[in-house]
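> Pasting a structure here, questions to come.
The values are calculated or read from the model by the stated rules, or taken from the named source; none is laboratory data. For clarity, every value in this text was computed on a predicted model and none was experimentally measured. Using ideal geometry, Cβ is built from the backbone for each residue, glycine included, and neighbour counts are taken over all protein chains shown.
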Amino acid sequence: MRCIFHVDVNSAFLSWSALEILKKDPGAVDLRTIPSAVGGDVETRHGIITAKSIPAKAYHVETGEPVVKALAKCPELVLVRSDFKAYRRYSGELMKILGEYTPYVEQASIDEAYMDVSGLEDAGCALAHRIRERVRDELGFTVNVGISENKFLAKTASDFEKPDKVHTLFPKEVPEKLWPMPIGKLHGCGDATAQRLIRAGINTIGDAAHTDPGLLQGLLGKKAGAYIFERANGRDESEVHFEEREAKSYSNETTTAEDVTAENYESYGVPILKGLCEKVSGRLKRDRVYGATVNVIVKTASFKRHTRQLTLTNSTNDPDEIFKYAGQLMRELLFSKEGLFLSGETLRLIGVGVSNLDDGQSRQMDLTDWLGEKKRQEKRREKFRKLDEMMNSVRDKYGEKALRKGQQEDG
Ligand SMILES: [Mg+2]
């Protein structure tokens, strides 16, 4: 089962403008606490409102309406010009924090992102609250976090009550939380589509969910009809499209020459996985960094991407340790009750990544490290680490092929 977060900055442009003003003049009034808006040309009062404060909302000032109209509703409305240079900077700072939790971050716009946190041990409300609080305390602006099993439901959830809130909208909550909403509120349903549906007597998202899909397709066309029907029923298979950002995660993946199956996994898949772990480890070591989150990625023969990840107490760049956890994640992903192999899938691509990077200096000592067994493990790890360092220096001197641990590397 997937766990997807949608993180959305509350009144992004307005909050960021307010912060920028406060940064230059700490005594200035906080725009977020008064009726204010970003938009248009402040002097000539032309243009449209692009963001508004919560107090401005009480005057029914709306995003997208002409400045003149907004001023008619609220004469004391304070207007500020947009500052995209600052917005891009705040946006970047937000993405940086999100990227510390998982490499699977898709920035959907300047102020929102999806995170695929599937398989993170603490994926759920507690993690969402931690992210929300960190952003507020470290960056000075607030976000809403929506949680669900797919992007559509997570995005819908993040739009519930604001600001500074976490909401869930799991499939089992769809009848209670999604279906009473007006059809026009369905993300991806434009005004024209909504009007057409309302004329056909489909007023709520629940109405659409219970309409025959063929009828919706007759009304809206094949693609749009299917889209509305699927989303109204809370379904969305689309993936979190992430880009590997330089120096935020280290990963290697390979398309396999043959399909990896339940039968050949041990003999064929595992050595490939091990080779990938060694490559990732080698790159981490070359840059003298450690990572606390290990993730695996596979692509099935039906071209679907699946991921699993977990976060360790202590960051690592040790190939055996990475392999140990990557192997566990793979087994869970492939052989568990809902595993891919059990549902008849085969694999075309395998990848391993390490993220949540640090310099290894702040690695905490686990309380259990005091126990003898843990200490022995640590000693053994240290021995291996030294051995690896030795191997690395030999590699550096004589090239990659000089020393190998007897594993086959992919091409
Ligand atoms: Mg927003």
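> Looking at PHE170, PHE160, which one is in contact with a His (Cβ under 6 Å, 6 or more places away or on another chain), modelled with pLDDT of 95 or more and either within 13 Å of the ligand (Cβ to nearest atom) or of a type outside the set (S, T, N, Q) (or both)? Quick ask: steps written out before the conclusion?
Values: PHE170 fails: in contact with a His (Cβ under 6 Å, 6 or more places away or on another chain).
PHE160 is the lone residue from the list that is in contact with a His (Cβ under 6 Å, 6 or more places away or on another chain), modelled with pLDDT of 95 or more and either within 13 Å of the ligand (Cβ to nearest atom) or of a type outside the set (S, T, N, Q) (or both).
> Just checking, which of LYS73, LYS57 is within 15 Å of the ligand (Cβ to nearest atom) and basic (Lys, Arg)? Break it down stepwise before answering.
Numbers: LYS73 fails: within 15 Å of the ligand (Cβ to nearest atom).
One residue alone meets the criteria, LYS57.
> Every residue in segment 109-127 that is hydrophobic (A, V, I, L, M, F, W, C), buried (at least 20 other Cβ atoms within 10 Å of the Cβ) and within 16 Å of the ligand (Cβ to nearest atom), please.
ALA113, MET115 - these are the residues of segment 109-127 that are hydrophobic (A, V, I, L, M, F, W, C), buried (at least 20 other Cβ atoms within 10 Å of the Cβ) and within 16 Å of the ligand (Cβ to nearest atom).
> Take the residues in segment 31-52 that are in contact with a strand residue (DSSP E or B) (Cβ under 9 Å, 6 or more places away or on another chain) and basic (Lys, Arg), then tell me which one is nearest to the ligand (Cβ to nearest atom). Please lay out each step first, then the result.
Restricting attention to segment 31-52, the residues satisfying the condition of being in contact with a strand residue (DSSP E or B) (Cβ under 9 Å, 6 or more places away or on another chain) are 31, 34-42, 45-52.
Subsequent filtering for residues that are basic (Lys, Arg) retains 45, 52.
Working: ARG45: 25, LYS52: 12 Å.
Step by step, filter segment 31-52, then rank; the result is LYS52.
> Could you look through segment 5-30, keep only residues that are within 11 Å of the ligand (Cβ to nearest atom), closer than 30 Å to LYS172 by Cα and not β-branched (Val, Ile, Thr), and pick out the one that is surrounded by the fewest Cβ atoms within 10 Å (Cβ to Cβ)? Let's see the steps before the verdict.
Within segment 5-30, the first condition is being within 11 Å of the ligand (Cβ to nearest atom), and the residues that meet it are 6-16.
Applying the additional criterion that residues be closer than 30 Å to LYS172 by Cα yields 6-11.
Subsequent filtering for residues that are not β-branched (Val, Ile, Thr) retains 6, 8, 10-11.
Values: HIS6: 30, ASP8: 21, ASN10: 19, SER11: 26.
Among those residues, the one meeting the criterion is ASN10.
> Does ASN233 count as polar (S, T, N, Q), surrounded by 17 or more Cβ atoms within 10 Å (Cβ to Cβ) and at pLDDT 95 or above? It would help to see each step written out before you state the result.
Working: polar (S, T, N, Q): yes; surrounded by 17 or more Cβ atoms within 10 Å (Cβ to Cβ): yes; at pLDDT 95 or above: yes.
For ASN233, the condition - polar (S, T, N, Q), surrounded by 17 or more Cβ atoms within 10 Å (Cβ to Cβ) and at pLDDT 95 or above - is met.
> Between residues in segment 107-124 that are within 16 Å of ASN144 (Cβ to Cβ) and residues that are within 16 Å of the ligand (Cβ to nearest atom) and of a type in the set (Lys, Arg), which pairs lie under 9 Å by C-beta distance while being six or more apart or on different chains?
ALA108/LYS151; ALA108/LYS155; ILE110/ARG88; GLU112/LYS155; TYR114/LYS151; TYR114/LYS155
> Just a yes or no: is a residue in segment 365-377 closer than 27 Å to ILE97 by Cα, assigned to a loop (DSSP other than H, G, I, E, B) and modelled with pLDDT under 85?
Within segment 365-377, one or more residues are closer than 27 Å to ILE97 by Cα, assigned to a loop (DSSP other than H, G, I, E, B) and modelled with pLDDT under 85.
Yes/no matrix, rows are residues, columns are (1) touching a Cys at 6+ places or on another chain (Cβ under 8 Å); (2) within 27 Å of ASP318 (Cα to Cα); (3) among the aliphatic types (A, V, I, L, M); (4) not assigned by TED's automatic domain parsing to the domain that holds LYS337:
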| residue | (1), (2), (3), (4) |
| --- | --- |
| GLY190 | no, no, no, yes |
| ASP207 | no, no, no, yes |
| HIS210 | no, no, no, yes |
| LEU216 | no, no, yes, yes |
| LEU219 | no, no, yes, yes |
| TYR227 | no, no, no, yes |
| THR256 | no, yes, no, no |
| CYS277 | no, yes, no, no |
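> Filter segment 308-324 for residues that are closer than 22 Å to ASN264 by Cβ and not hydrophobic (A, V, I, L, M, F, W, C); which is surrounded by the most Cβ atoms within 10 Å (Cβ to Cβ)? Let's see the steps before the verdict.
As a first pass, look at segment 308-324 and keep what is closer than 22 Å to ASN264 by Cβ: 308, 323-324.
Filter once more, so that each one left must be not hydrophobic (A, V, I, L, M, F, W, C): 308, 324.
Numbers: ARG308: 22, LYS324: 14.
Restricting to residues being closer than 22 Å to ASN264 by Cβ and not hydrophobic (A, V, I, L, M, F, W, C), the top hit is ARG308.
> To continue, here is another question. Looking at segment 128-146, which of the residues that are more than 15 Å from the chain's Cα centre (by Cα) and not in a helix (DSSP H, G or I) is surrounded by the fewest Cβ atoms within 10 Å (Cβ to Cβ)? Let's see the steps before the verdict.
So the first thing to find is which residues in segment 128-146 are more than 15 Å from the chain's Cα centre (by Cα), and the list is 133-134, 136-142.
Subset that is not in a helix (DSSP H, G or I): 140-142.
Numbers: GLY140: 15, PHE141: 22, THR142: 18.
Here the answer is GLY140.
> Please tell me if ARG2 is away from the ligand (no atom under 16 Å from the Cβ) and either outside any loop (DSSP other than H, G, I, E, B) or within 30 Å of PHE170 (Cα to Cα) (or both). Spell out how you get there, then give the answer.
Values: away from the ligand (no atom under 16 Å from the Cβ): yes; either outside any loop (DSSP other than H, G, I, E, B) or within 30 Å of PHE170 (Cα to Cα) (or both): yes.
Taking the combined requirement at face value, the residue satisfies it.
> Among the residues that make up segment 61-80, is at least one of them among the charged types (D, E, K, R) and under 30 Å from PHE242 (Cα atoms)? Give the derivation first.
Of all residues in segment 61-80, those among the charged types (D, E, K, R) come to 62, 65, 69, 73, 76.
Applying the additional criterion that residues be under 30 Å from PHE242 (Cα atoms) yields none.
No, every residue in segment 61-80 fails to be among the charged types (D, E, K, R) and under 30 Å from PHE242 (Cα atoms).
> Additional query: Where the second residue is assigned to a helix (DSSP H, G or I) and crowded, with 20+ Cβ neighbours inside 10 Å and the first is at positive phi and lies in segment 15-43, which pairs have Cβ atoms under 9 Å and are six or more apart or on separate chains?
As it stands, the answer is GLY39/PHE13; GLY39/VAL67; GLY39/ALA70; GLY40/VAL67, since those pairs meet every condition given.
> Also: Any residue that is part of a strand (DSSP E or B) and at pLDDT 90 or above - is there at least one of those in segment 8-18?
Of segment 8-18, the ones part of a strand (DSSP E or B) are 8-9.
Then drop every residue that is not at pLDDT 90 or above, which leaves 8-9.
Checking segment 8-18: at least one residue is part of a strand (DSSP E or B) and at pLDDT 90 or above.
> Look at ALA301 and say whether it is in contact with a strand residue (DSSP E or B) (Cβ under 6 Å, 6 or more places away or on another chain), more than 25 Å from GLY124 (Cα to Cα) and not β-branched (Val, Ile, Thr).
Working: in contact with a strand residue (DSSP E or B) (Cβ under 6 Å, 6 or more places away or on another chain): yes; more than 25 Å from GLY124 (Cα to Cα): yes; not β-branched (Val, Ile, Thr): yes.
Against the criterion (in contact with a strand residue (DSSP E or B) (Cβ under 6 Å, 6 or more places away or on another chain), more than 25 Å from GLY124 (Cα to Cα) and not β-branched (Val, Ile, Thr)), ALA301 qualifies.
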